[in-house]
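Read through the structure below, which is laid out as structure tokens, and then see the notes.
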Amino acid sequence: MATTADLPIKTLKINEFTGNEPEPDDNDRYFAWKIARRHNTAVPLAQEEEQAWNAYTVAEEAAEQAWQALDSAPTSDWAATHHRWVKAEHSLDAAAGRWQSAAAAMDRAWDEVNWGDRAYDFYNQVLRQTGIRALMSANRPASHYSLQTQVQQRRREREKITKKTLALLAT
């Protein structure tokens, strides 16, 4: 069975009325239009966030592999291996920043929504029928607010360790 993350991020077309705003007194059509409009506005932001998240996970794996390589690097290659780790950490920091920005933009896209039970039910019903991924925060990666800080803190701790080794190599 497909997971939520396997579903595509696509725009919604609900009864062909997502383009023009219906009259507010036509409650059901207006309600559906508002939800579809909010979803469709967020689609490019969700795609950007997903790409940034994927780039972050790749950069995180590369940084971790580079860090692990320091444990087994011969003394003659340790400085070069350290340099590769520094570059991988720099890439990881940049990727964390890109995801943090993309996730914040996605948050802003949904912040203004006053979703009640009726809206959630309707939105989820439409998504089940269309096979499109929900763009609400429950279906997104973990909080981005402190990610870059965590990445930088971990790097500083590891830099303290590597400085000791580099100092010994210089002697």
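Contact annotation: residue pairs with Cβ atoms under 8 Å, 6 or more positions apart or on different chains, pairing a residue in the stretch 127-152 that is farther than 21 Å from Ala63 by Cα and part of a loop (DSSP other than H, G, I, E, B) with a partner that is of a type in the set (Lys, Arg) and at pLDDT 80 or above, are Ile132/Lys10; Arg133/Lys10. Contact map, the stretch 111-125: residues that are modelled with pLDDT under 75 and assigned to a loop (DSSP other than H, G, I, E, B) paired with residues that are surrounded by 11 or more Cβ atoms within 10 Å (Cβ to Cβ) and among the aliphatic types (A, V, I, L, M), Cβ distance under 9 Å, separation 6+ or inter-chain. Pairs shown: Val113/Ile35; Val113/Ala119; Val113/Met136; Trp115/Ile35; Trp115/Met136. The number of residues in the stretch 25-63 that are over 24 Å from Ala109 (Cβ atoms) and surrounded by 15 or more Cβ atoms within 10 Å (Cβ to Cβ) comes to 4.
Whether any residue in the stretch 72-95 is closer than 24 Å to Leu127 by Cβ and within 13 Å of the chain's Cα centre (by Cα) is what I want to check. If you could, list the steps in order and put the result at the bottom.
Of the stretch 72-95, the ones closer than 24 Å to Leu127 by Cβ are none.
Within the stretch 72-95 (the criterion being closer than 24 Å to Leu127 by Cβ and within 13 Å of the chain's Cα centre (by Cα)), the answer is no, since none of the residues qualifies.
None of Ser137, Ser72 is more than 18 Å from Gln153 (Cα to Cα), hydroxyl-bearing (Ser, Thr, Tyr) and modelled with pLDDT under 90 except Ser137.
The values are calculated or read from the model by the stated rules, or taken from the named source; none is laboratory data. Computed from a predicted model, the values in this text were never measured in an experiment. For neighbour counting, all protein chains shown are included, and Cβ atoms are generated from backbone atoms with ideal geometry for every residue, glycine included.
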